[in-house]
Structure formats: structure tokens, C-alpha cells
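The next block holds one structure in the form of C-alpha cells; read it before the comments.
The values are calculated or read from the model by the stated rules, or taken from the named source; none is laboratory data. The structure displayed is predicted, hence computed values, not measured ones. Cβ coordinates were reconstructed from backbone atoms using ideal geometry, including for glycine residues, and neighbour counts include every protein chain displayed.
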Amino acid sequence: MVRFCLLMLVAAGVHAAESGVDIDTAASLYQAGQVRAQVQASLGAMPAHVRQLFAADGASKLSEQQLAAVTAAAQRGFRIDVFEPPALSALAANLDPASVKKSLAFLDSDLGRRMVAADVAAAQLDEATIDKVMTGALVAASTPERDALMNKLERASQYTESTVQIFLTMGQAVATGTATGSGMDAIAVTDRARKSGEASRAGLQESMREPLRRYMSYGYRDLSIADLKHLLAFFESPPGKRYSAAYIVAMSAGFDAMGRHCGEELGESLRELAQAQMPPEGMAPDGSADVPPGEAPGPQPPSRP
């Protein structure tokens with residue numbers, strides 16, 4: 001989920017009123033950054049991650065059949081064809097011609113191409129290697145100067161903040177989609193998910209910053225000190241800030257769409273499972289004959305408001 005975010009958010013000074021380019025122009029940046037390859041690399045693991053989230057929720061206590069429905073819904077929801085239309089639209093809406101021109105020039109430069117290649121290679125690491133990198137079990141050679149530059153790059157780019165934003169956006173989208181698909185009150189569920197996400201944001205950022213810095217450092221391990229200084233200069237420049245801000249909005253839009261689609265698929269599946277498990281008419285839940293009303297009076301459940 002965090003492996004494709006190496007073009008990051010620095011939104012200061014960006015004004016929506018100045019935004020807007022056509023889809024073809026946005027697509028040229030999307031292709032130059034090889035965004036599809038990076039996003040696709042993260043999608044294969046999403047069904048297992050979504051299942052783990054539901055399985056770890058002690059309040060839901062889903063059955064194995066329900067958890068299988070979670071996995072299937074995630075497979076249908078987290079697809080590149082669901083991600084790309086809203087992501088490209090958001091990217092186009094938040095760019096401007098001047099930043100596109102200069103960002104394309106950077107991505108087409110030797111350093112830009114090597115940075116993108118490093119991004120793709122990091123995105124395609126297997127899960128076991130990523131875990132080792134983020135826990136510090138696998139590290140690249142470094143120096144105090146290099147560490148200081150990576151810290152500046154992570155902070156200046158708001159890399160951790162942008163990754164947490166995508167994580168929270170996706171979680172809220174899945175919750176909203178599930179409520180919509182299962183016929184629940186989607187507005188109330190969305191509000192609860194939003195409040196829960198905001199309450200956990202600071203803690204997530206604090207706990208994820210160091211692992212993500214390790215991941216970022218490992219991904220750029222073959223870039224020189226001079227390369228890192230030029231990267232930092234680009235991300236701190238007005239075109240770099242504008243492109244990075246548009247990029248993170250695009251990522252959020254794409255993951256929101258996939259999360260909602262996954263949730264809607266899941267909500268529908270869970271509703272169908274519940275209906276299939278209802279006893280036939282005239283039968284009690286345990287399979288015995290239902291007792292006609294009035295023959296064996298007893299306590300009745302309270303009426304729903």
C-alpha cells in the first residue's frame with residue numbers, strides 16, 4: 001500500500017483556481033512516472049491485507065465464509081481499471097501547464113529516469129523484503145550526510161503524511177462502500193470512519209515515519225549524494241510542489257474509488273450470505289418447526305424504533 005508513493009505531497013502554495021490541464025497531458029506525466037507499474041505492484045497483496053483487517057476486528061467476528069467474501073470483494077475492487085479513471089481526472093484537475101512542462105523535463109532527464117526506475121524497483125519488492133527493510137533488518141550502506149539528506153527529503157516531501165492519508169482514505173472508502181452495498185446508513189458509517197481516522201492520524205504518522213524513511217532510503221540506495229540533493233531541489237521547487245500535490249490527490253482519488261468498489265462488492269456479498277442463512281418460512285433458526293404465535297407465549301424482543 002505504501003510502495004508507490006515516492007512522488008510525494010508538498011502542497012504549500014498550490015491554488016485550485018489555477019489548476020487544470022487535459023487528460024492527455026496528465027496521462028503523459030502518469031506514463032513518465034510509470035505510475036501504473038507502481039500501483040499494480042501494490043494490488044496483488046491488497047486482498048490479503050483487507051482480509052487481515054477484517055479478521056483482526058474483534059467486534060465483527062466474521063466467519064470463514066464471510067472472510068472468503070472479503071477476499072473475493074477485494075480482488076474485484078482493487079484493480080487498475082477501477083483506479084485509473086478517477087486518478088487521471090484528479091491529476092489533470094490539479095496540474096497547470098507550467099508545472100507539467102518542468103516536471104516532464106525532470107522526469108525525462110537522466111536523474112528523473114533513474115529515480116523512476118528506483119521507484120518501480122522498490123514497488124516490485126516482495127512482501128518479505130519490504131518487511132525486512134521497514135523493520136531495519138535489511139539496510140543499505142549510508143553515511144551521516146546521506147542520512148541527513150534522506151531525513152530532509154522525507155520531511156520536505158511530507159512522505160509519511162501522504163502515505164497515511166492514502167491509508168485512511170482507503171479505509172474510509174471501504175467502510176462507506178460496505179455500508180452502501182449492505183443497505184446500512186452510509187452517512188453515519190462514513191462519519192464514524194472519518195472520526196476514527198482523524199483520531200488515529202497522529203499516532204499512525206509517528207509510528208510509520210521511521211519505517212517509511214528506511215523504505216525510502218533503501219529504494220534510493222543507488223542514487224548518489226549529488227542525486228539526492230537534486231531530488232530535494234526538485235521537490236522543493238514550485239513545479240515539484242505542484243506536481244507532488246496533484247499526484248497525491250490523484251492517488252487518493254484512485255484508492256478511494258477502489259476502496260468504495262471493494263466495499264460495495266463486500267456489502268452485497270455479506271447481504272446475500274445473510275439471506276442464504278435465514279431459515280425457510282415456518283422453520284426456527286435451529287431447523288425445528290416454528291411454534292405458531294400464541295401457543296407458547298414468552299418474552300418478545302423489543303420492537304425496533
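In the condition set (1) in a helix (DSSP H, G or I); (2) out of contact with any Gly (no Cβ under 6 Å at 6 or more places or on another chain), A137 is compliant with all but (1).
Go over the candidates R201, R213 one by one and state the one that is closer than 18 Å to M115 by Cα, part of a helix (DSSP H, G or I), among the charged types (D, E, K, R) and in contact (Cβ under 8 Å) with a residue 24 or more places away in the chain.
None of the others qualify; the one that does is R213.
When R114 is tested against (1) buried (at least 17 other Cβ atoms within 10 Å of the Cβ); (2) modelled with pLDDT of 95 or more, just one condition goes unmet, and that condition is (1).
At pLDDT 90 or above, in a loop (DSSP other than H, G, I, E, B) and farther than 28 Å from F78 by Cβ: does that describe R221?
Working: at pLDDT 90 or above: yes; in a loop (DSSP other than H, G, I, E, B): yes; farther than 28 Å from F78 by Cβ: yes.
Yes; evaluated as a whole, the condition is true for this residue.
Scan the range 81-101 for residues that are surrounded by fewer than 18 Cβ atoms within 10 Å (Cβ to Cβ), farther than 14 Å from A27 by Cβ and aliphatic (A, V, I, L, M) and the total you get is 1.
Kindly indicate whether R271 is more than 27 Å from A118 (Cβ to Cβ), out of contact with any helix residue (DSSP H, G or I) (no Cβ under 7 Å at 6 or more places or on another chain) and either part of a helix (DSSP H, G or I) or not acidic (D, E) (or both). No: the conditions fail for R271.
Condition check ((1) in contact with a strand residue (DSSP E or B) (Cβ under 7 Å, 6 or more places away or on another chain); (2) of a type in the set (V, I, T); (3) within 21 Å of M46 (Cβ to Cβ)) across all residues:
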{"residue": "M115", "(1), (2), (3)": "no, no, no"}
{"residue": "A121", "(1), (2), (3)": "no, no, yes"}
{"residue": "L125", "(1), (2), (3)": "no, no, yes"}
{"residue": "T143", "(1), (2), (3)": "no, yes, no"}
{"residue": "R146", "(1), (2), (3)": "no, no, no"}
{"residue": "L149", "(1), (2), (3)": "no, no, no"}
{"residue": "L168", "(1), (2), (3)": "no, no, yes"}
{"residue": "G177", "(1), (2), (3)": "no, no, yes"}
{"residue": "G181", "(1), (2), (3)": "no, no, yes"}
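Beta carbons closer than 8 Å, at least 6 apart along the sequence or on distinct chains, pair a first residue in the range 246-264 that is aromatic (F, W, Y) with a second that is in a helix (DSSP H, G or I) for Y247/L91; F255/F83; F255/I166; F255/T169; F255/M170; F255/A173.
With the requirement that a residue be touching a residue at least 24 places away in the same chain (Cβ under 8 Å), over 21 Å from Q31 (Cα atoms) and not β-branched (V, I, T), what does the range 112-146 give you? E127, M134, G136, L138, A140, A141, S142, E145, R146 - these are the residues of the range 112-146 that are touching a residue at least 24 places away in the same chain (Cβ under 8 Å), over 21 Å from Q31 (Cα atoms) and not β-branched (V, I, T). For the range 175-191, a residue qualifies if it is exposed (fewer than 13 other Cβ atoms within 10 Å of the Cβ) and at pLDDT 85 or above, and the qualifying residues are I187, A188.
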